[in-house]
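Trainee: This is the structure I have questions about; it appears just below.
A short reminder: the numbers here are calculations on the coordinates, not readings from a lab. What you see is a predicted model, and the numbers here were worked out from it, not measured in a lab.
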Amino acid sequence: MNNTFIKIGAILGAVGVSLGAFGAHALKASLEASGRTDTFETAVKYLFCHALGIILIGIIQEKYPNKWLKYAGTGMTAGVIIFSGSLFTICFTGIKAFGAVAPIGGTLMILSWLSVFWGVGKK
């Protein structure tokens, strides 16, 4: 089994939990003062959910080895890094222009889920 996506998902899951805890404790006052608590929570939520999705892709690749699942894992990894990364950047820097980058990551995540759909139909 190619476990690359399982490893990537596991690392992203650990990062998601770590950042979530950091935001809830060390950054709580700062996020509340800047009004960015919801933004930070959204970034953590998408990071963690898609970490699980990447792990799932790694698992199902064994039964359905094809290019669509490879595209899905790669796209989902890039998408969540771009999406959540842009939201974290807004929270840490206050530069709202990074919000324009988030839809690129969101689009990659959507296309990745569709690639999973196509990938499980191919044997």
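Trainee: With θ taken as phi - 60° and the coefficients 6.51, -1.76 and 1.60, list the Karplus ³J(HN,Hα) couplings across region 7-21 in order, rounded to whole Hz; mark glycine and proline as x.
Mentor: 5, 4, x, 5, 5, 5, x, 5, 5, x, 5, 4, 5, x, 5
Trainee: Let me ask something else. For region 4-120, taking Cα atoms only, what is the radius of gyration to one decimal and the Dmax to the nearest whole Å?
Mentor: 15.0, 49
Trainee: Report relative contact order for region 64-123 in percent, whole number only (criteria: Cα-Cα under 8 Å, sequence separation at least 6).
Mentor: Numbers: 71 pairs, mean separation 31.8, N = 60.
53 percent.
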